[in-house]
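Contents: one structure, followed by commentary.
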């Protein structure tokens, strides 16, 4: 048997993928159902000379990874609902100061302490708008261990490419489920390394002046360029500014660098969409049951397909509209009260034909649940 | 190198009010670093939010101006990820000990090699004069119009109890002592706390009728005394200045290096 095949938890897959991507600094705080990520990294990171630290809370964890990213490291933290709430202010700081970092939120039921050991996808909108102020954000998810691996590596690549925090919105089912993972070979998935400035010592370096391609080369703290990093609106040197042109220009830059690259950032999978009358749209663990329904009904002659979203934010409006063009009905399958349903309704031509298929009781949605709801909505025996 | 070479003139003028003690702290800090001959490239200054926290913008080091109360958490990430850097964290009293109190005690407990400077003016200046955890019982502030009923922290006692391995206090009147203590704090291997009493004539002084900046500095001269002095025995009300704690204990980043060795051997 090949030793590149593993049978492990989703949380451990995330760890393996992060290490594959070059993670070498992690700060976190224990919280169900994400704790295994911290536990595995406490063992694994020092083995490769990386650093693990358990901070005093999630606020401090988020702050510590930002500090470590600035010294030139690939960084991550992992948490769940309440911890994700605590991270929001520093997450906004990472947006504003353009610090590459990855934040894993293994979702559980909320609000508040909620239902810690049970599944939910209730933090989708929090990922989008949890921190204050206008901003763009990248949030990604996956439904299988092989995809958790690929998407986690992608999260690091996107964080470096766009100098941005990337949120991995996994959920309790994916995090705790065990299934097969085939470990990709070392060079199988391309890795994006930190883009460092080529500006020589003694020449004015502008940490916040984008190149023509929009990327901003960085300089590690401790090297020859000394500059200021702040959460205030700032000019190309990182100096605070309330000049209206600077403020407007920076906010536009922060939003445009993400929103103008929706196509590059969008990751998705599609199943049987070509002639689909009924399009299921789902993501994360819920997409597993949605796929099961599609594969069960196709052989029975139903023209049903699935669009599995892996990038939730920025929302791929054009993609969703195109994929739903021929659909009579669209069903958004998710474990919340319609957070992505809203986004889909905004994207498609017939929002009145978009329906929510969900569970919000902490119990994983089954294929039977989905089929029953399809029957009710369509009024026929789909 | 002249003191000027450590400052970013592009950032001036600074935001501090006339008579503010924070400029004196900046002066003492820069002189300490200058006399030690440290390379600017090896120093990272991390600060939070408030009047004091703007100090990071004015110095020509790697500077990280963060969010309110969390400077030590950011600094922990900087230091642990690159232990060869010297990390200095200037904070205000509210920044360090109200919103940032938890990070303060845990950084002290870990004994991570960071120099924390608490610029204590007993008030929230940037927001216009609200009481802080260092204002003390009976003081006046915009949010304590009928006098403050909050008891204050003693920064030295708190730091000692939390496990800081270097703890010192001085004032903006004792300029040479600022430089001397900051030098020793930076050289100290472990978590170092330097409390510097700094006057805020604009808010604390005006609200509490303490007079001009000069009057407030005279008060620092009169109300403080070297640790263990005869004056202190005669007048226990006096505030002691000097180095209270200077001891060696395992430093966090060094200890983590041992973890790496232990883990790699397996």
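Listing for the model above:
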{"quantity": "The stretch B:1-70: Cα Rg divided by the 2.2 N^0.38 Å rule of thumb", "calculated": "1.07"}
{"quantity": "Hull-based mean projected area of chain B, where the convex hull spans the alpha carbons, in square nanometres", "calculated": "14.6 nm²"}
{"quantity": "Nearest 10 degrees, 0 to 90: helix A:145-162 Cα axis against chain A principal axis", "calculated": "40 degrees"}
{"quantity": "Inter-centroid distance (Cα atoms) of the stretch A:328-382 relative to the stretch A:217-243, Å", "calculated": "46 Å"}
{"quantity": "Label-to-label distance, nm, for residues given as residue A:292 and residue A:264 (7 Å Cα→Cβ offset)", "calculated": "3.9 nm"}
{"quantity": "Chain B: relative contact order as a whole-number percent, Cα under 8 Å and 6+ apart", "calculated": "18 percent"}
{"quantity": "Fewest-first sequence of A:153, A:357, A:182 by Cβ atoms within 10 Å of each Cβ", "calculated": "A:182, A:153, A:357"}
{"quantity": "Span from the the stretch A:17-71 Cα centroid across to the the stretch B:163-184 one, whole angstrom", "calculated": "34 Å"}
{"quantity": "Peptide A:51-62 - average C-beta neighbours from other chains (10 Å radius)", "calculated": "6"}
{"quantity": "Average beta carbon contacts from partner chains per residue of B:10-16, 10 Å cutoff", "calculated": "1"}
{"quantity": "Of all DSSP beta bridges in chain B, antiparallel share, percent nearest 5", "calculated": "20 percent"}
{"quantity": "Anisotropy class of the stretch B:46-127 from Cα gyration tensor, a/c 1.5 cut", "calculated": "oblate"}
{"quantity": "Average partner coverage of A:216-227, which counts Cβ from other chains inside 10 Å", "calculated": "4"}
{"quantity": "Cβ-based exposure ranking for B:45, A:330, in which fewest neighbours within 10 Å come first", "calculated": "A:330, B:45"}
{"quantity": "Principal-axis tilt of helix B:71-81 within chain B, Cα atoms, nearest 10 degrees", "calculated": "20 degrees"}
{"quantity": "Hydrodynamic radius (Kirkwood) for the protein assembly as shown, which is based on Cα pairs only, to one decimal in Å", "calculated": "26.4 Å"}
{"quantity": "Prolate/oblate/rounded label for the stretch A:264-382 (Cα gyration tensor, a/c 1.5)", "calculated": "rounded"}
{"quantity": "C-alpha center-to-center spacing [the stretch B:103-148, the stretch A:171-213] in angstrom", "calculated": "40 Å"}
{"quantity": "Contour excess over end-to-end distance, with Cα ends at residue A:39 and residue A:353 and 0.36 nm allotted per residue", "calculated": "108.6 nm"}
{"quantity": "Translational diffusion of chain A, µm² s⁻¹ [Kirkwood Rh, Cα pairs; Stokes-Einstein; 10 °C; 1.306 mPa s]", "calculated": "74 µm²/s"}
{"quantity": "The stretch A:35-133 shape via C-alpha gyration tensor axes, a/c threshold 1.5", "calculated": "oblate"}
{"quantity": "Förster radius 56 Å - calculated FRET efficiency between residue A:325 and residue A:193 (Cβ-Cβ, nearest 0.05)", "calculated": "0.90"}
{"quantity": "Length-normalised contact order of chain A in % [C-alpha pairs under 8 Å, at least 6 apart]", "calculated": "16 percent"}
{"quantity": "For A:44, A:108, A:211, order by how many other beta-carbon atoms lie within 10 Å, fewest first", "calculated": "A:211, A:44, A:108"}
{"quantity": "Mean separation of Cα contacts under 8 Å, 6 or more apart, over the residue count of the stretch A:119-169: relative contact order %", "calculated": "39 percent"}
{"quantity": "Estimated FRET transfer efficiency when R0 is 35 angstrom, pair residue A:275-residue A:209 (beta carbons, to 0.05)", "calculated": "0.10"}
{"quantity": "Nitroxide proxy distance, nm - points 7 Å out along Cα→Cβ at residue B:212 and residue B:255", "calculated": "5.0 nm"}
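Throughout, read-outs are computed from the coordinates displayed, never taken from laboratory work. It should be emphasised that the depicted structure is a prediction, and the values quoted were computed from it without experimental measurement. Quick reminder, even Gly has a Cβ in these numbers, built from the backbone with ideal geometry, and neighbours come from all protein chains shown.
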